[in-house]
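Here the structure comes first, spelled out in structure tokens, and everything after it is commentary.
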Amino acid sequence: MEYFVIIISAIFVNNILLSQFLGVCPFLGVSNKVSTATGMSGAVCFVITLATIVTWLINLLLVKFHLEFLQTIAFILVIAALVQMVEIVLKKISPSLYQALGIFLPLITTNCAVLGVALSVAQKGMGLGQATVYALATSIGYGLAMILFAGIRETLSLNAVPKAFKGLPIALITAGIMALAFLGFSGLV
């Protein structure tokens, strides 16, 4: 039951994009097409989950040697290294996805959602199992919000939107409405 609560809470109630507002840069930048948003969501999901596991292990060492003050710097270095690995793997496995993501792939390095999840796990003192489930659920919530938002933006691009609202203004309004919709899940857990 504990893992179920973690999953529902991370995906819907405390959605990292729409509730905590972490990772908004790629959310607005890569969400023009559902295909690109799906690829970005997959990459972020992989990086968040892997980074959380690795940073959890590193945090054990930092706590053991009383070096908690190095936590943020160590986590940033680990995340940067992991993103470089994902970039290399994507370039080899799926060059089309790599090209579609273009400049947004390096954004994962500075995506505060990845660091936010790792720091949140460390602050909450979760075990490895809980941390992994939380990271995976949080990244699924990130992907859900990203793909839904991309679908809405694709639909909006086909509709007549007033000139003053075209582009980023309507995207921000849509994101705000989505955040309000996800707020409806707040009493769920």
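If only residues of region 122-156 that are free of Cβ contacts under 8 Å to residues at least 40 places away in the same chain and open to solvent by 40 Å² or more (accessible area, probe 1.4 Å) are counted, the one that is farthest from MET1 (Cα to Cα) is LEU156. Taken over region 157-175, residues that are open to solvent by less than 50 Å² (accessible area, probe 1.4 Å) and either closer than 22 Å to THR38 by Cβ or in a helix (DSSP H, G or I) (or both) amount to 5.
Candidates ILE6, ILE53, ILE79: the one that is within 26 Å of MET178 (Cα to Cα) and within 19 Å of the chain's Cα centre (by Cα) is ILE6. Within region 176-188, the set of residues being at pLDDT 90 or above and either touching a strand residue (DSSP E or B) at 6+ places or on another chain (Cβ under 6 Å) or exposed (fewer than 13 other Cβ atoms within 10 Å of the Cβ) (or both) comprises GLY176, ILE177, LEU180, ALA181, GLY184. Out of region 43-72, which residues are open to solvent by less than 40 Å² (accessible area, probe 1.4 Å) and within 27 Å of GLY151 (Cα to Cα)? Residues satisfying the conditions are ALA43, VAL44, CYS45, VAL47, ILE48, THR49.
The values are calculated or read from the model by the stated rules, or taken from the named source; none is laboratory data. Note that this is a predicted model, so its numbers are computed, not measured. Quick reminder, even Gly has a Cβ in these numbers, built from the backbone with ideal geometry, and neighbours come from all protein chains shown. The protein model used for the area step is the full one, side chains on, heavy atoms only, and it has no ligands, DNA or RNA in it. Shrake-Rupley method; radii C 1.70, N 1.55, O 1.52, S 1.80 Å.
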